[in-house]
């Protein structure tokens, strides 16, 4: 084991690192854009729409991502009518194939995660919104989505980390992302330990970043709950504050 | 706890027995890729087959060794040899200075002859196919041929199998004027050539022959000179651990023997339809 080599290959992995970050960020973003409407439709009363979405999530969660990637990349490339269609200008490029497969896969998982969150929104909150005369759209925007997203956040953070690691599959369709670059360097140096340790360190760095960002987001979104806790601990002041606010309310 | 003791001791015995037999009975485990026809591939039941396997079997017979073939992904084939998962590599692997730094080689049992294959629909300028470029020689004429090839392929997308001499060659000689895509398997490279994602590929003649003979291969053709020497090394050899000197000796003796009696050439004709073993 050559500790020196671990540090030495880090800059060589930089370009692959950028591609990994780009692929992960883009597919998570597109996946989320897909998942929000799909999760809402999935929880909507319309059974036809709901079943269509169930089929989508079932297919994409029920098959390995690698198979989906190969079907899109090598499979579509075999069909003459795909090659002569306008879509070929996109499917021709490995980058777009990877992005499409990752986004659809990530979207399927995120749809189910968000659905769980939306289902878990207390019915009392929704009834309260109805009682206040909020329209469906307003209710979704102000109550269902924020509360549902907060409930789904821990599971969603997990999915983003999984997506980061799944992006390594892009190396199988000639994209030289982090894992692909690492494998190339291994083939040149024949030192798998050192190079893969470097790559693993970069993945750990990314994961740390994702976990950190989602941790902050979680705390931010749960602010109202934290304040409630603080109040319970400092009763006397709390009462004083309550008095002030009560008098303020009455005053005008 | 008692319940676990018996199976554990069986396991230990099996492990020890396994090791002992590998040394005493000389069961040589040979790694091959299984995705590089006609050098090596796997049949429908998953068993390795091909030129490497037939040569290996003939060599082991001569050297009085018991051998077994197993498949191992190309990427990790050298590390797998060095950590002892296998005792030898026969996977159409060419002998290079770079590989010689980490493993030893037997003498070559086949030669290399690399060609570009391009899509016919590209309509590249005609280039004579009987030309030969030996990268080890510095002849003016050969450099001219290489330059002409470089000009013809300028701006094209070239596919190569990753971690091969072909990749090293394209990067060094054409890296500044072409886009390079690397594949884990030659099969996938062929698929993308047919699909039109890449314009050309570089690989050994033996590999192209199988592809060009297939239905899909009709849309592609050999292009430019035969390239050998230099980066491509003296030929295809058996990869061995550096400390296994005795095994290397036995293989070398066996290679000489099957070369002399013509059975190596017969195997080359059987798998490649051409003599890729005689100088």
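The values are calculated or read from the model by the stated rules, or taken from the named source; none is laboratory data. Every value quoted in this text rests on a predicted model; they were computed, and no experiment measured them. Every residue, glycine among them, receives a Cβ derived from its backbone with ideal geometry; neighbour counts consider all protein chains shown.
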### Any chance residue A:180 is assigned to a helix (DSSP H, G or I), at the interface with chain B (Cβ under 10 Å from one of its Cβ atoms), farther than 23 Å from residue B:103 by Cα and modelled with pLDDT of 90 or more
yes
### Task
Take region B:215-258 and flag every residue that is surrounded by fewer than 20 Cβ atoms within 10 Å (Cβ to Cβ), assigned by TED's automatic domain parsing to the domain that holds residue B:118 and more than 20 Å from the chain's Cα centre (by Cα).
B:215, B:216, B:217, B:218, B:219, B:221
### Query
Looking at (1) more than 19 Å from the chain's Cα centre (by Cα); (2) free of Cβ contacts under 8 Å to residues at least 12 places away in the same chain, which is the one condition that is false for residue B:269?
(1)
## Note on the structure
(1) buried (at least 20 other Cβ atoms within 10 Å of the Cβ); (2) more than 14 Å from every other protein chain (Cβ to nearest Cβ); (3) part of a helix (DSSP H, G or I); (4) in contact with a helix residue (DSSP H, G or I) (Cβ under 7 Å, 6 or more places away or on another chain) all hold for residue B:190 apart from (2)
### Query
Among the candidates B:166, B:203, which residue alone is part of a strand (DSSP E or B), away from every other protein chain (no Cβ under 12 Å) and either within 30 Å of residue A:75 (Cβ to Cβ) or out of contact with any strand residue (DSSP E or B) (no Cβ under 7 Å at 6 or more places or on another chain) (or both)?
B:203
### Query
In this structure, does residue A:191 turn out to be under 30 Å from residue A:5 (Cβ atoms), modelled with pLDDT of 95 or more and within 14 Å of chain B (Cβ to nearest Cβ)?
no
## Note on the structure
Taking region B:30-41 and keeping residues more than 14 Å from every other protein chain (Cβ to nearest Cβ), in contact with a strand residue (DSSP E or B) (Cβ under 7 Å, 6 or more places away or on another chain) and at pLDDT below 95 leaves B:34, B:40, B:41
### Query
Are any of the residues in region B:66-74 farther than 25 Å from residue A:192 by Cβ and either touching a helix residue (DSSP H, G or I) at 6+ places or on another chain (Cβ under 8 Å) or surrounded by fewer than 17 Cβ atoms within 10 Å (Cβ to Cβ) (or both)?
yes
## Note on the structure
For region B:103-126 the number of residues that are touching a strand residue (DSSP E or B) at 6+ places or on another chain (Cβ under 8 Å), assigned to a loop (DSSP other than H, G, I, E, B) and farther than 30 Å from residue B:71 by Cα is 1
### Message
For region B:127-146, check the following and say yes or no: at least one residue is in contact with a strand residue (DSSP E or B) (Cβ under 8 Å, 6 or more places away or on another chain), more than 14 Å from every other protein chain (Cβ to nearest Cβ), under 25 Å from residue A:94 (Cα atoms) and touching a residue at least 24 places away in the same chain (Cβ under 8 Å).
### Response
no
### Query
Taking residue A:96, is it within 14 Å of another protein chain (Cβ to nearest Cβ) and over 22 Å from residue A:167 (Cα atoms)?
no
## Note on the structure
Exactly one of B:233, B:253, B:237 is touching a residue at least 60 places away in the same chain (Cβ under 8 Å) and on the phi > 0 side of the Ramachandran plot, and that one is B:233
### Query
Any idea how many residues of region A:59-91 are more than 14 Å from every other protein chain (Cβ to nearest Cβ), in a helix (DSSP H, G or I) and within 15 Å of residue A:103 (Cα to Cα)?
6
### Query
Looking only at region B:207-222, which residues are in a helix (DSSP H, G or I) and in contact with a strand residue (DSSP E or B) (Cβ under 8 Å, 6 or more places away or on another chain)?
B:207, B:208, B:211, B:212, B:219
### Task
Identify all residues within region B:169-186 that are out of contact with any strand residue (DSSP E or B) (no Cβ under 6 Å at 6 or more places or on another chain) and more than 10 Å from chain A (Cβ to nearest Cβ); write none if there are none.
B:169, B:171, B:172, B:173, B:174, B:175, B:176, B:177
### Query
Is it fair to say residue B:225 is in contact (Cβ under 8 Å) with a residue 12 or more places away in the chain and in contact with a strand residue (DSSP E or B) (Cβ under 6 Å, 6 or more places away or on another chain)?
yes
### Task
Hey, can you tell me all the residues within region A:112-128 that are surrounded by fewer than 19 Cβ atoms within 10 Å (Cβ to Cβ) and farther than 19 Å from residue A:57 by Cβ?
A:122, A:123, A:124, A:125, A:126, A:127, A:128
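Could you tell me which of the residues B:125, B:63 is in the same structural domain as residue B:240 (by TED's automatic domain parsing) and on the phi < 0 side of the Ramachandran plot? Don't jump to the end; show me each part of the working.
Values: B:125 fails: in the same structural domain as residue B:240 (by TED's automatic domain parsing).
Selected residue: B:63, the only one of B:125, B:63 that is in the same structural domain as residue B:240 (by TED's automatic domain parsing) and on the phi < 0 side of the Ramachandran plot.
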### Summary
Of the residues in region B:77-125, those that are more than 23 Å from residue B:256 (Cα to Cα), out of contact with any helix residue (DSSP H, G or I) (no Cβ under 8 Å at 6 or more places or on another chain) and within 14 Å of another protein chain (Cβ to nearest Cβ) number 7
### Task
With respect to residue A:21, determine if the residue is in contact (Cβ under 8 Å) with a residue 12 or more places away in the chain, farther than 30 Å from residue B:82 by Cβ and over 24 Å from the mean Cα position of the chain (by Cα).
no
